[in-house]
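What follows is a single structure, written as structure tokens, with notes after it.
The values are calculated or read from the model by the stated rules, or taken from the named source; none is laboratory data. Bear in mind the structure is a predicted one, so any value in this text is a computation, not a measurement. Cβ coordinates were reconstructed from backbone atoms using ideal geometry, including for glycine residues, and neighbour counts include every protein chain displayed.
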There are 2 protein chains.
Amino acid sequence: MKRLENIGERAAIKHIEKILRKENNSLGIGDDCAAIDLGNKYLLITTDMISQQTHIPPQMTPYQIGWFLVAINLSDLAAKGGTPLGLVCSFGLPKTTTEQYLTELTKGANACAVQYGTTIVGGDTKETTEITLCGTAFGTVKKNEFMPRKGTRPGDIVAVTGRLGKAGRGYYALKRNKKGNKLSKALLEPQPRLQEGHLLALLHTVTSSMDLSDGLSASLYQLQELNAVGFEIEKDALPLASGLNQRFQKKYGVDPYTLALHFGGDYELLVTIPEQKFEKTRQTLQKHVITLSPIGIVTEKKKILLIENKRKKLLQNKGYEHFKKHVF
Amino acid sequence: MKRLENIGERAAIKHIEKILRKENNSLGIGDDCAAIDLGNKYLLITTDMISQQTHIPPQMTPYQIGWFLVAINLSDLAAKGGTPLGLVCSFGLPKTTTEQYLTELTKGANACAVQYGTTIVGGDTKETTEITLCGTAFGTVKKNEFMPRKGTRPGDIVAVTGRLGKAGRGYYALKRNKKGNKLSKALLEPQPRLQEGHLLALLHTVTSSMDLSDGLSASLYQLQELNAVGFEIEKDALPLASGLNQRFQKKYGVDPYTLALHFGGDYELLVTIPEQKFEKTRQTLQKHVITLSPIGIVTEKKKILLIENKRKKLLQNKGYEHFKKHVF
């Protein structure tokens, strides 16, 4: 008898999708958001659940937990080029939870929504043994601006917004300094890339897009499956977060590139763009002080390779996966 | 330091609403659904979380749990006159959960969605210590067909769809017969009143509407607060579920009217309708084989009274509330 700990989260999701696919009337099962036809627009909708055991380090304040819940849901809208209309949040909380905790949790969730131009319009609270929170974000995107996961072609440039390894860097900083510090902020209070997604969508140059919540390697493997292509990623081209250097490696005993490739939690956008349109796209984003870094190319050969010192090797698929043991 | 077990679920929700109210851009916080302006329509959105400890009797099959999750969310759309566009469902499951369990859970959720003309368009699975499921349903309603909780006036007729006490009857049947039976089906596989809500909305006669998930007494108290009115409910007019009779009372030692008034879980609709429009509304529903039973009137005096043998007494507010002890 197969249990979820044997098959892991992604196989579990595929299992669910198979059951639902027959009747499903939306674009986008298996995408960051479901997309429902509203005429000239899509209604985008996405949901994410977090629980104490697997998502919430003990140092995380209730304010940060609320922020995180909203941010990770908005990140999925961002990856599709969407503009949020609102969120609903369900809080499963133990009965011994203090009113103060609930206040801070709500304030954090509200602050993130408001910072990104939207609001929490409703929700639910229920009694649970373990803190379990579920957010659902919804928004719209013009049909011709929707950026699906599926659509990339060999020859496209693979690119990411911002910098990679921020969350991993924060995780190790937090392990060392129990109170957390500036470095752990990227892990605990991620910034959804709504502006980035919106600008990319307006340019109509993106052939596939997803957020990097699961880490770069896991995300590339997910894109590969949908698109029947491969990728060649240049290790030297990865835009490492500041502070991810030899000193960091010595101090924490972890390779910065491992964090950038596999850790997850960065909530940047991973996109593919046809080569001839890439430079203009990059320059337009640059005008808005947004960095778009090319990190590799899409290939016909269905392998995901990492190029290091001109040598190619297979990039392992090592992102975090629920129900399975964490690789770090 | 106040804890949720001291204040209860409804005070917790009010606490959250107070924090969110300033920025909230939707109609309907404190209503069954949030309502977002989409031009000539509202986008309705609602979310409900259920957890093993507080919602899931051990006899409930995973198929029924999935059904239940979808049904209770669709019920909130029904109460607003909405037509569903879809649902997203998040499953928080222990890692020892079997694939078979996940299959049945998904099939049950899907079956309920499909039976009511909609589909599950996306979701999430996460590892949790306790089974914790969160559904979000969304749909639309024409603006002039939206049935809010707020709007009733003294003199309106109070009415309910279908029959009351079905879920309570099922609960006691289940307590006695551990395997459950036909009677427990109403508790474990509730039927959202989407057709009822839709027909009522088309008639434009409803001045306030909500679903009866929390039970009649708790629902009346919630309506009272929003509308600054009172209610006089005729005990003899309550449409008891079949089998809720003296024999039932003798067998299970519980008063059928207590179940009809306080138990909750019936997922019928509670509406108010101006007196002069009531009979036509009732007759129109009757043509669709839907029973709408008048059970009392809305009063200016802000009390909720139960009339029994022409004597009025205060109706207690005894519905189930999370974080607090169950009254049954």
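General remarks:
- Pairs where the first residue, in the stretch A:289-312, is over 18 Å from A:V160 (Cβ atoms) and the second is assigned to a loop (DSSP other than H, G, I, E, B), C-beta under 7 Å, 6+ apart: A:E300/A:P154; A:E300/A:V229; A:K302/A:A228; A:K302/A:V229
- Put simply, of B:R176, B:R193 the only residue that is surrounded by fewer than 22 Cβ atoms within 10 Å (Cβ to Cβ) and either under 30 Å from B:M60 (Cβ atoms) or in contact with a Pro (Cβ under 8 Å, 6 or more places away or on another chain) (or both) is B:R176.
- Scanning the stretch A:81-91 for residues that are buried (at least 24 other Cβ atoms within 10 Å of the Cβ), facing chain B (nearest Cβ under 7 Å) and under 11 Å from A:G135 (Cα atoms) yields A:V88, A:S90.
- The stretch B:4-36, subset charged (D, E, K, R) and touching a residue at least 40 places away in the same chain (Cβ under 8 Å), residue nearest to the other protein chains (Cβ to nearest Cβ): B:E5
- Within the stretch A:104-118, the residues that satisfy the criterion of being buried (at least 23 other Cβ atoms within 10 Å of the Cβ) and facing another protein chain (nearest Cβ under 7 Å) are A:T106, A:N110.
- Among the residues making up the stretch B:251-267, those that are outside any helix (DSSP H, G or I) and in contact with a helix residue (DSSP H, G or I) (Cβ under 8 Å, 6 or more places away or on another chain) are B:V254, B:D255, B:G264, B:G265, B:D266, B:Y267.
- Enumerated helices (runs of 4 or more DSSP H) restricted to the stretch B:1-82, each holding at least 2 residues that are under 30 Å from B:N177 (Cα atoms) and among the charged types (D, E, K, R): none
- Residue that is surrounded by the most Cβ atoms within 10 Å (Cβ to Cβ) [pool: residues in the stretch A:50-67 that are of a type in the set (S, T, N, Q) and more than 14 Å from chain B (Cβ to nearest Cβ)]: A:Q64
- Every condition in (1) modelled with pLDDT under 95; (2) within 17 Å of B:L212 (Cα to Cα) is met by B:I19 except one, and the failing one is (2).
- Number of the exception - B:G135 against (1) within 14 Å of another protein chain (Cβ to nearest Cβ); (2) more than 20 Å from the chain's Cα centre (by Cα): (2)
- Sub-8 Å Cβ pairs linking a first residue in the stretch B:207-234 that is farther than 21 Å from B:L77 by Cα to a second residue that is acidic (D, E) and surrounded by fewer than 19 Cβ atoms within 10 Å (Cβ to Cβ), at least 6 apart or interchain, are B:V229/B:E300; B:G230/B:E300, ordered by first then second residue.
- A:Y101 more than 23 Å from A:F138 (Cα to Cα) and more than 8 Å from chain B (Cβ to nearest Cβ): yes
- Taking the listed residues A:I307, A:I290, A:I297, the one that is at pLDDT 95 or above, farther than 18 Å from A:R10 by Cβ, in a loop (DSSP other than H, G, I, E, B) and touching an Asp or Glu at 6+ places or on another chain (Cβ under 6 Å) is A:I290, with no other qualifying.
- Single residue of B:F248, B:F231 found to be surrounded by 19 or more Cβ atoms within 10 Å (Cβ to Cβ) and either of a type in the set (S, T, N, Q) or assigned to a helix (DSSP H, G or I) (or both): B:F248
- Test for A:F146: is it among the aromatic types (F, W, Y) and more than 14 Å from chain B (Cβ to nearest Cβ): yes
- Residue count for the stretch B:164-189, restricted to those that are in contact with a Ser or Thr (Cβ under 7 Å, 6 or more places away or on another chain) and under 27 Å from B:D32 (Cβ atoms): 2
- Among the conditions (1) surrounded by fewer than 23 Cβ atoms within 10 Å (Cβ to Cβ); (2) over 20 Å from the mean Cα position of the chain (by Cα); (3) among the small types (G, A, S); (4) facing chain A (nearest Cβ under 10 Å), B:G155 misses just one, which is (4).
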